[in-house]
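I have placed the structure first, in the form of structure tokens, so that the comments after it can refer back to it.
Nothing in this text is a laboratory measurement; each read-out follows from the coordinates by a stated rule. Source: prediction; values computed, not measured. Don't worry about glycine lacking a Cβ; one is built from the backbone with ideal geometry, like all the others, and counts go over all protein chains shown.
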Amino acid sequence: MVSCYRACCGDGFSVFSSNNGIVMTCGDAASGCLGHGDDQSLTKPKLIEALLHVDVASIACGDHHVAIVGTKGEVYTWGNGTSGKLGLGTEESHALPQQVTFSESVNVREVFCGNTGTMFLTDEGIAWACGSNKSNKLGLNNRQGFIAALKHAFNPVSMKYMYMYMSLLCVSYAS
């Protein structure tokens, strides 16, 4: 029996993933957030046919964009591309899912979206980020410097030491 396994909401739209890995969306189609290649808003969830070949393991929504991770670590994004938050190397918006490529061979297991950025967590505990780094919210300036952060803001950038730092913070707060 097919059932809803994961769900997330953006600004006026929702994304659902079933226990067998299919993705459906409904709501406001502004910025291409529904992933069907058009601007038709939907009152009932509709299957995203472009993702039928992907067994979805993780989904996340920003206000106007969506990211999914497949069980093989593949990543797809769509919606509003402002600030490079789709991780595609541009600020273009896309109404169909687009595969994200990384500068290194990585196996992404989870994705998180904010309003202007996206973070990907690998099976090795390494965080990758793309989008706006305003106020250093992606953690790129301290490690790479302002120019490098701007240069790579439209592509996913590794933050290899962020996981260790986050683990240490959790331990220190728990103590």
Cα centroid separation, segment 10-25 to segment 51-85 (Å): 11 Å
Highest average packing first - 47-53, 118-124, 91-97, Cβ atoms within 10 Å: 118-124, 91-97, 47-53
Label-to-label distance, nm, for residues given as Asp123 and Cys4 (7 Å Cα→Cβ offset): 3.0 nm
Sequence ranges 23-33, 101-111, ranked by mean other-Cβ count within 10 angstrom, highest first: 23-33, 101-111
Derived scalar couplings ³J(HN,Hα) [segment 24-38; Karplus, 6.51 cos²θ - 1.76 cosθ + 1.60; whole Hz; x for Gly, Pro]: 10, 9, 7, x, 6, 8, 4, 6, x, 4, 7, x, 9, x, 9
Net lengthening on full extension, Thr90/Asp28 (0.36 nm per residue, minus Cα-Cα): 20.0 nm
FRET efficiency for Leu47 and Lys72, using Cβ-Cβ distance with R0 set to 22 Å, rounded to 0.05: 0.65
